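Let me begin by presenting the structure, written as structure tokens, before commenting on it.
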């Protein structure tokens, strides 16, 4: 780890665990500018400032950059406030129809952070069982909302009070039919036997119970690792989720289900990053990591740091022509080969499923 990485991860750990940061030296101006850039690429700018504010004044960035950081954090706070309001209004409309959605990812995992309002928010994701999914779509259609289906038919999306809302009938998408079927069975069983609610600014929301939530978060990370890239924010989400809930989860059942769903290798790779870089105590893990596990984790870590949040800073994310589309597909195939150990089935089936995008180009 070089000096820049050491500074960056010292501050990120401090932010996650709300502890005073101890830097090995004082970063220079260029290093601070680079850390700001990395924090933007990894969408952790807001929480990073929480650690910077604990530094001695002489170790902090110079005033112009510090002010930029402060303004960025304030914008994140405002966006979170607006999103939480939109989320409550959306859920309230669903409840008026006697439908209680499950809140996925995003604002639910944000509540595990020391200051939830400093985690950058993305979309609103909710999950509904098949029958209620159809009912809520009819309702919002009748209200004049434009609903768009995904090609894999896993969810529909709309815009609500300025925010993108994804309404899922599959809480996770697998490109292998037997894995999708088994995942759906497990989640249905877990939701039938246990209920979990969380508080966001004094308002109550329904979320997945811990084991179901763990499987959903891991499947989401695995999917992004193999087809576009992952960001540090998602790993931070996992770190704080594991710290809060791992000991509440049946260890044997967790291992069994992650192996059945080919999520075990993803768990180990993310856990290696969580313990080595982000400070997750080892007692919150369920296994010892081997040298092979750590080797795969290094590949994942390089993917994260090279391509940024969800791979948005990679050449494969910029698509303005048919040639770009084909080059992006080739990149994804190579990435699947590189990370085939994560899930043999998914890294084989995803490129096959993606072929429909290439075929669609012929009709454009």
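Once you have all Cα-Cα distances for the range 190-257, histogram them in 5 Å bins from zero and send the whole-percent values.
3, 14, 22, 24, 20, 12, 5, 0
Once the convex hull of the C-alpha atoms of the range 75-233 is built, how many Å³ does it hold per residue, rounded to a whole number? Write out the running numbers ahead of the final one.
Details: hull volume 19.6 nm³, N = 159.
Value for the range 75-233: 123 Å³ per residue.
Please state, to two decimals, what the Cα-based radius of gyration of the range 274-328 comes to when divided by 2.2 N^0.38 Å (N = residues).
1.60
Using a 10 Å cut-off around each Cβ, can you sort 121, 236 from fewest to most neighbouring Cβ atoms?
Numbers: 121 21, 236 24.
Ordered from fewest to most neighbouring Cβ atoms within 10 Å, 121, 236 come out as 121, 236.
log₁₀ I(q)/I(0) of the chain at q = 0.07, 0.14 Å⁻¹, via Debye over equal Cα point scatterers, no solvent, to two decimals?
Taking Cα atoms of the chain as identical point scatterers yields -0.31, -1.33.
Give me Rg over Rh for the range 44-119, both radii from the alpha carbons and Rh done the Kirkwood way, two decimal places. Working shown, then result.
Working: Rg = 16.5 Å, Rh = 14.3 Å.
Looking at the range 44-119, the ratio lands at 1.15.
Give the average over all directions of the projected area of the C-alpha convex hull of the range 110-164, one decimal, in nm². Don't skip to the end; give the middle numbers.
Details: hull surface 20.2 nm².
One quarter of the hull surface, i.e. the mean projection, equals 5.1 nm².
Find the Rg to Rh ratio for the range 209-364, where Rh is the Kirkwood radius over alpha-carbon pairs and Rg uses the same atoms.
On the way: Rg = 16.4 Å, Rh = 16.3 Å.
Reported Rg/Rh (Cα atoms, Kirkwood Rh): 1.01.
With n ≥ 4 as the cut-off for DSSP H runs, can you work out [θ] at 222 nm for the chain, using -39500 (n - 2.57) per run divided by the number of residues, rounded to the nearest 500? Each step should come with its number before you reach the end.
Details: 14 runs with 212 residues, N = 364.
Value at 222 nm, helices only: -19000 deg cm²/dmol.
Taking the beta-carbon count within 10 Å as an exposure proxy, list 39, 154, 321 from fewest neighbours to most.
On the way: 39 24, 154 16, 321 10.
In order of increasing Cβ crowding within 10 Å: 321, 154, 39.
Treat the range 1-90 as a sphere of radius equal to its Kirkwood radius over Cα pairs and apply Stokes-Einstein at 20 °C in a medium of 1.002 mPa s; give the translational diffusion coefficient in µm²/s, rounded to a whole number. All intermediate terms of the calculation are to be shown ahead of the outcome.
On the way: Rh = 13.7 Å.
It comes out at roughly 156 µm²/s.
May I ask you to sort 206, 63, 306 by Cβ crowding, counting other Cβ atoms within 10 Å and putting the fewest first?
Working: 206 17, 63 8, 306 12.
Fewest-to-most ranking of 206, 63, 306: 63, 306, 206.
Assuming 0.692 mPa s and 37 °C, estimate D for the range 239-293 with Stokes-Einstein, Rh taken as the Kirkwood radius over Cα pairs, in µm²/s.
On the way: Rh = 11.5 Å.
D = 285 µm²/s.
With an 8 Å cut-off on Cα pairs and a minimum separation of 6 or more residues, tell me the relative contact order of the range 209-364 in percent.
Working: 147 pairs, mean separation 47.1, N = 156.
Relative contact order comes out at 30 percent.
Taken together, the values in this text are just the output of simple stated rules run on the coordinates, not laboratory data. Here the structure is a predicted model, which is why all the values come from computation and not from measurement. Cβ coordinates were reconstructed from backbone atoms using ideal geometry, including for glycine residues, and neighbour counts include every protein chain displayed.
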